[in-house]
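Encoded as structure tokens, the structure appears first; notes follow it.
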Amino acid sequence: MWVILAIASALCLGFYDIFKKLSVTGNNVLTVLLLNTLFGTLLMSPVLVSCIMQGNYGLGGSITGHLLIVLKSAIVLTSWILGYFSIKHLPLTITGPINATRPILVLVGALLIFGETLNLLQWCGILLGFTSLYLVSRIGKKEGHSIIHDRWLWMSIGAMVMGAISGLYDKWLLRSYEPLQVQAWYSLYQLVIMGATVLLLKYAGHDRTPFRWKWTIPCIAIFLTVADMAYFYALSYDDSMISVVSMIRRGSVIVSFLFGVIVLREKNLRLKLIDLSVLLAGLVLLVLGSR
């Protein structure tokens, strides 16, 4: 069941990336992100109200639990800020594959921290993932995005690293706390942190990019909320493997890849279809190895 939930999460993340790209293009990134956290909190507000009505504010009524969620919120927001800026300035067919390397770091952490083991099919799937990453790096170089000189590429890599840290932290966190409560409270704390950040930057005069409302903006929060719900419940299963869940979730790159090539008319269609096929084969092997 946790594999099915991970696949559902991946599909929603693909559409999340598409709406994120459409929303931040030519727009104020931080305001879009603030609205995303606002809509996400509103979607989870019934859970927050339920926790408050119970009198213990959820998470077992523990102050420590809430502090741990605040830390998670800060980690995720760091990843989002870096990721939103990079996706604004880079093609989806570049940022998607970079983000798809996240499971490689998660795998190393899972092996070292949680003592997870992988079978032959899963290892073959991960090797195909490495092959896909290599192909994408070649494509990126052809399109003039050098990792040495492009700060947006470094932001995309930073977003990926912070996302991997968040994934490992989630697996540990969900051993002690209920998934919906974790999602609800971290949405609220993200809104508070992001609101304070935007106000500070505007007060200091560092955020002058104009904001334009787009109806794609609320779609970011909707698809991300559903993706996170499926993800958290996948990790809540005792036999779930964070390394495999993380790799399956990176299948979202398939959705964003197709959108970037077909709708946005991004370059090097043939090479990107080959890379997409390699990545898809790797994900299939991971799913088969998890049954």
Could you rank the peptides 40-46, 6-12 by their average count of other C-beta atoms within 10 Å per residue, with the highest value first? 6-12, 40-46
Along each of its three principal axes, how wide is the spread of alpha-carbon positions in the stretch 1-115, in whole angstrom units, largest first? 47, 40, 26
Show me, for the stretch 153-168, the HN-Hα J-couplings you get by feeding each phi into the Karplus relation (A = 6.51, B = -1.76, C = 1.60, θ = phi - 60°), rounded to Hz, glycine and proline as x. 5, 5, 5, 5, 5, x, 4, 5, 5, 5, x, 5, 4, 4, x, 5
Provide the packing ranking of 190-196, 262-268, 158-164, i.e. peptides ordered by the mean count of other C-beta atoms within 10 Å per residue, highest first. 158-164, 190-196, 262-268
Gyration tensor verdict on the chain (Cα atoms; rounded if a/c is under 1.5, prolate if a/b is larger than b/c, oblate otherwise): oblate
nm² value of the averaged projected area, convex hull over the Cα atoms of the stretch 190-274: 9.1
Computed accessible area, Phe223, all protein chains, 1.4 angstrom probe, square angstrom: 60
Using a simple charge model, +1 on the beta-carbon of Lys and Arg, -1 on the beta-carbon of Asp and Glu, nothing else, what dipole does the stretch 166-291 show about its Cα centre, in debye to the nearest 20? 600
Within the chain, helix-based [θ] at 222 nm, where runs of 4 or more DSSP H residues each add -39,500 (n - 2.57), nearest 500: -25500 deg cm²/dmol
Calc'd 3J(HN,Hα), the stretch 81-88, phi into Karplus 6.51 cos²θ - 1.76 cosθ + 1.60 (θ = phi - 60°), Hz, glycine/Pro = x, comes to 4, 5, x, 5, 5, 5, 6, 5
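If you put +1 on each Lys and Arg Cβ and -1 on each Asp and Glu Cβ, how big is the dipole of the chain around its Cα centre, in Debye rounded to 20?
Here the size comes out at about 920 debye.
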Burial order of peptide ranges 23-32, 252-261 (average beta-carbon count within 10 Å, highest first): 252-261, 23-32
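The values are calculated or read from the model by the stated rules, or taken from the named source; none is laboratory data. Here the structure is a predicted model, which is why all the values come from computation and not from measurement. Here Cβ is always computed from backbone atoms with ideal geometry, including for glycine, and neighbour counts include all displayed protein chains. We work out accessible area using only protein heavy atoms, side chains counted, and drop any ligands, DNA or RNA first. Shrake-Rupley method; radii C 1.70, N 1.55, O 1.52, S 1.80 Å.
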